[in-house]
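A short worksheet on the structure shown next.
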Amino acid sequence: SQTIHQWPATLVQPVGSPLSLECTVEGTSNPNLYWYRQAAGRGLQLLFYSVGIGQISSEVPQNLSASRPQDRQFILSSKKLLLSDSGFYLCAWSVMGNTIYFGEGSWLTVV
Amino acid sequence: QKEVEQNSGPLSVPEGAIASLNCTYSDRGSQSFFWYRQYSGKSPELIMFIYSNGDKEDGRFTAQLNKASQYVSLLIRDSQPSDSATYLCAVNFMNRDDKIIFGKGTRLHILP
């Protein structure tokens, strides 16, 4: 069966510090991968999605970036965090663009 | 019109009653519809999905589609306190390269 792991689960970072969130999927090949953000009281915002290694599409221009160095690995990064980057970050996967399955999520607080 | 729209709630339903959640979508070509449940502080989990060819029942949950009016609903029978959560509707958008777009969710509160 397929599983998705995301880490770290929580982190508190100062403004201007870098960020790296990682996600891996097991039990499937060539998945579509996604990064979402959910700010307090708001809906899911799609940040990035990837249909293959090195193929990244950005939905919203911002100070975040994503990379897919391996088929089942997806990384969300920032060089300098802003207060507005605080939120709940979710990695997700799907096959053939169908049902999306989410990881456990990462709570980011920028102080 | 928003792409996927849900009433934010909260929707309060007595325990044991039927909870009815609705979602409207803007793309007439949409083929796949999903319902997720999200407990506070947790990630969304898939409850069920339906395709444009019909409704679906799974235990206490029933998903219904009205293509003519472009809305999809989720019925929860015999509501339990553990059903209290935010319910997210998601729809694939053919006119957006088949992307799956999420609504902002409806908060459901089951009253004991």
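The values are calculated or read from the model by the stated rules, or taken from the named source; none is laboratory data. These numbers come from a predicted model, not from an experiment. Every residue, glycine as well, gets a Cβ built from its backbone with ideal geometry; the counts of neighbours run over all protein chains shown. For accessibility, only protein heavy atoms count, side chains too; no ligands or nucleic acids. Shrake-Rupley method; radii C 1.70, N 1.55, O 1.52, S 1.80 Å.
Of note:
- Placing a pseudo-label 7 Å from each Cα along the Cα-to-Cβ vector at B:S69 and A:K80 gives an inter-label distance of 5.2 nm.
- Where a label projected 7 Å from the Cα of B:K42 along Cα→Cβ would reach, residues of the range A:77-111 with amide N under 20 Å: A:88-93, A:100-108
- Whole-number D in µm²/s for chain A (Stokes-Einstein; Kirkwood sum over Cα pairs; 20 °C, 1.002 mPa s): 154
- Surface accessible to a 1.4 Å probe, per residue, for the residues of the range A:31-111, Å²: 45
- Measuring max minus min along each principal axis, the C-alpha atoms of the range B:1-62 give extents of 36, 27, 23 Å (largest first).
- Here A:V51 and A:T3 are evaluated by their C-beta separation; at R0 = 22 Å the FRET efficiency comes out at 0.60.
- Calculated over the protein assembly as shown: convex hull of Cα atoms, volume per residue (Å³): 127
- Accessible surface of B:K104 - all protein chains present, 1.4 Å probe, nearest 10 Å²: 140
- Within 10 Å of the Cβ of each residue in A:37-43, the mean number of Cβ atoms contributed by other protein chains is 3.
- Sum of side-chain charges, A:L47 neighbourhood, beta-carbon under 12 Å (Lys, Arg +1; Asp, Glu -1): -1
- The packing ranking, built from the mean of other Cβ atoms within 10 Å per residue, places the peptides B:84-93, A:29-38 in the order B:84-93, A:29-38, highest first.
- Peptide B:41-51, shielding by other chains (average Cβ, 10 Å cutoff): 4
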